[in-house]
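The values are calculated or read from the model by the stated rules, or taken from the named source; none is laboratory data. Source: prediction; values computed, not measured. Counting neighbours? That spans all protein chains shown, and the Cβs are built from the backbone with ideal geometry, glycine included. Note: accessible area is taken over every heavy atom of the protein model, side chains too, but ligands, DNA and RNA are not part of it. Shrake-Rupley method; radii C 1.70, N 1.55, O 1.52, S 1.80 Å.
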Amino acid sequence: MSQEGLEAPRQEWERRADLLTAVAVAGIALLAAFFVMRLWRMDFDVPFVYSSDGTQFLALFKGVDEHGWYLTNPDLGAPFGQENYDFPVTSDDTIHVLLAKALLLLSGDFVTAMHLFFLLGFVLTGLSAFAVLRVLEVSRGPAVVCSALFTLLPYHFVVGELQPFHSSYWVIPLACYLVLAILQDRPLVTRAERPRNRALAFASRRTLLTLALCVVIGSAGVNYYALFAAMLTGAATLLVVLRTRRTRSLVVGGFVTVLLVVMVALNALPVIAYQAEHGSNPTVPQRTAGESETYSLSTAALLLPISDHRVAPLANLRERYIEDSPLPFVSRVTGLGAVGAAGFLWLLGVALVAVAGARPRLERWSTHRHAAAATLVSLLIATTGGFSILFAHLVGPELRTWLRFYPFIAFFALLAIALLLQLAVRRLESSRRRYLATALLGAVLVVGVLDQTSNRDPFVPPYSATAAEFESDGEIVAEIERRLPPGASVFQLPYAPYPEAQRSARTADFDGLRPYLHSSQLRWSYGAMFDRPEDWQAALMDKPFGLVLPSISAAGFQGVLVDRFGYPDDGSRLERALAGKLGSEPLVSPDRRYSFFDMRPYSKRLSTALSGSELGGLRQATLYPLRAEPGDGLVGYMPNGSGATGVFQLAGPAAALELVNPSDRDRSAQLSLQLSGKATLSVELPDGSSRSLRAGRVVQDPISLPPGASAVNFVITAPGPPDQPIYLAAELRDSALDPLSADRPPRPVPPPATLFGGGPPPELAGPAGAGAPGL
């Protein structure tokens, strides 16, 4: 038989052997995860993580199950519904969302689907890493060991179901392959052998494979991984062009880099289109350039033993580092393990030797050199004080968690270990000590897994504690659903801006989503996007308590749910006030965290006390609150929760205050103005009438506001001392609230004293009335 005849069966056998070995890698990863996490203790109906980002992802899975996608959810942000375009949980992770939908169809339950998704991440990551290592010509044994260790990184467990799309990092080996292929000058784009026409000249299998890899990475890269891949391929392209001075390298590398960025943009098109139509929301998410330092990568954290290591002295070493580190979050999350750390140090040594001019000795270590270059670039970008902080200042701070470069570095490090193991195995096998080669691979795998994992939280979820919380919340929500009719809306207190808020000592971001997770027929107030018109609750929170209950009743809410953990006194003062107004005692959850008040009897009493037009006006005033916003010539604006009250500083001889009516009908209101300093202002109201405003006086005017914005113009007619700033306080009060309010002279609410340095004058200080207790 000819050589060609022998080659085909051999290749077929190799493919089958690789497939079976890849399945074995997935099995090893799942088996290791089963024992590390003690999965025999889990309940598929209870999540691993029930707070912070984990709650948000649970709501995403539930929303996708019930409403088809994750960008809108009519059961949250009642009565308008939730729109996540300003803060999508993920804006370029279409593949993962589609995978979640498939698992939801398979399981029929969003918690179970979340578990399946997380566990499937071990399978996909193991398969991806093994396949890439084999393509990079690593033999099967070392590829099995290092792909399993890559799958079982501490990052996989620590991130876990807190952020399941990030912990499913199977696209990273694919991205690393593109980076190494560019550095090695592998043909990523080639001509087709027999193109049908000139337009398809490059439509070869290799080109289509590269295209497919970019599409997958850009559609399952949760922003970070895809954009990090683009940074590395761009840097690799630059290095190759500087080394070879070949235009072709620039074209191919540039094609890959641009395609990755384009795929991220294409997946984010719904978000881009929404913000193009409605404008951007600069307050969501609230990111600062300094956070690129807070969440940057630490080389020491990569090398030190993991937190809660099985060996006490090693665990203490990491804990001492965490105690002294200004970045405790980063210090706890990352860690390569002993095997990965050895590969990392080896690559740094290779890079230093190459820089020192010993390149001829490294010719046969080409893959090591290229992995070392990619590792060095990753460090220069992601470590504290690296190029990441320049990116934050020059491009934007949204891409802040640079420690997520860590799995890229881990793959390059384990690739180096795989190549070294391959060399050792070949030498042992050539000396007929095959059993030693097997023993070496087994020892590295076992020691690596034990070193990278722990028998404590977060590797072992707190199953019992989480189940107790989850079941308690489920019981009170089930009882609420038995009492209220289907489709009823529940108002949640305390008010918490969505998506991220200032947390109290006993609450976390997204805790307002917890009741929704147990609900099948109710709507919930939490979840309206902050600083969008749908976030009407912010305007309600600075109203007197006597207005809050009528307002939410007129808005259609039939119950109030109080999260006691959101109050220093566990909500006792608020609950007394609610019980007094509603005339009933609350329903309390088994763990005493939540209390619920039925508002329906109160709403019936309110409907007899107010006319239909008064209730309609109150609903308009509640859901479409009037706003006072600074125009030209006003600075230092700080609303008091609602945007209808605020203090401004005049920055010139003329200024304007914008009064916004967001509804579709004319509204009656009262505008109150107060001035500090020695100046006098001429005030022109929206109806064309004029007033004179002097310091120390309060001017009150009834005004009619059409839909949209109306301007109040100010001109300084008698300036005060040149070194004395002029402050203007304004309050815009909706007349629909008058039937429920005791007569009082409206007084604008100033911002904190820090706003103007020394603060506004004392004559502008003081509350605008009795605030709602603890709202």
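Considering the range 508-554 alone, what residues qualify as being within 21 Å of the chain's Cα centre (by Cα) and open to solvent by 30 Å² or more (accessible area, probe 1.4 Å)?
Selection gives 530, 531, 534.
All but one of (1) buried (at least 20 other Cβ atoms within 10 Å of the Cβ); (2) touching a residue at least 40 places away in the same chain (Cβ under 8 Å); (3) out of contact with any strand residue (DSSP E or B) (no Cβ under 8 Å at 6 or more places or on another chain) hold for residue 82; which doesn't?
(3)
Can you tell me which residue in the range 479-496 is nearest to residue 562 (Cα to Cα), limited to those that are part of a loop (DSSP other than H, G, I, E, B) and touching a strand residue (DSSP E or B) at 6+ places or on another chain (Cβ under 9 Å)?
Only one residue tops the list, namely 494.
Here's the yes/no breakdown for (1) modelled with pLDDT of 95 or more; (2) in contact with a Cys (Cβ under 8 Å, 6 or more places away or on another chain); (3) closer than 19 Å to residue 226 by Cβ; (4) open to solvent by 10 Å² or more (accessible area, probe 1.4 Å):
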| residue | (1), (2), (3), (4) |
| --- | --- |
| 54 | no, no, no, no |
| 58 | yes, no, no, no |
| 68 | no, no, no, yes |
| 75 | yes, no, no, yes |
| 78 | no, no, no, no |
| 87 | no, no, yes, yes |
| 95 | no, no, yes, yes |
| 103 | yes, no, no, yes |
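Among the listed residues 686, 751, 773, which satisfies the condition of being surrounded by 14 or more Cβ atoms within 10 Å (Cβ to Cβ), modelled with pLDDT of 85 or more and not aliphatic (A, V, I, L, M)?
The match here is 686.
If we scan the range 233-244, do we find a residue that is surrounded by fewer than 22 Cβ atoms within 10 Å (Cβ to Cβ) and either under 25 Å from the mean Cα position of the chain (by Cα) or not in a helix (DSSP H, G or I) (or both)?
No, there is no match, as no residue in the range 233-244 is surrounded by fewer than 22 Cβ atoms within 10 Å (Cβ to Cβ) and either under 25 Å from the mean Cα position of the chain (by Cα) or not in a helix (DSSP H, G or I) (or both).
What is the one condition in (1) in contact with a strand residue (DSSP E or B) (Cβ under 9 Å, 6 or more places away or on another chain); (2) under 20 Å from residue 496 (Cα atoms); (3) hydrophobic (A, V, I, L, M, F, W, C); (4) at pLDDT 90 or above that residue 588 does not satisfy?
(2)
Scanning the range 277-292 for residues that are modelled with pLDDT under 85 and in a helix (DSSP H, G or I), which turns out most open to solvent (accessible area, probe 1.4 Å)?
My answer is 291.
Please give the number of the condition residue 578 fails out of (1) modelled with pLDDT of 95 or more; (2) of a type outside the set (Gly, Ala, Ser); (3) crowded, with 22+ Cβ neighbours inside 10 Å.
(1)
Which members of the range 353-372 meet the condition of being part of a helix (DSSP H, G or I) and either modelled with pLDDT of 80 or more or hydrophobic (A, V, I, L, M, F, W, C) (or both)? Let's see the steps before the verdict.
To start, the set of residues in the range 353-372 that are part of a helix (DSSP H, G or I) comprises 353-355, 359-372.
Result: 353, 354, 355, 362, 365, 366, 367, 368, 369, 370, 371, 372.
Of all residues in the range 294-311, which are open to solvent by 40 Å² or more (accessible area, probe 1.4 Å) and modelled with pLDDT under 85?
294
Can you name the number of the only condition in (1) touching a strand residue (DSSP E or B) at 6+ places or on another chain (Cβ under 6 Å); (2) assigned to a loop (DSSP other than H, G, I, E, B) that residue 461 fails?
(1)
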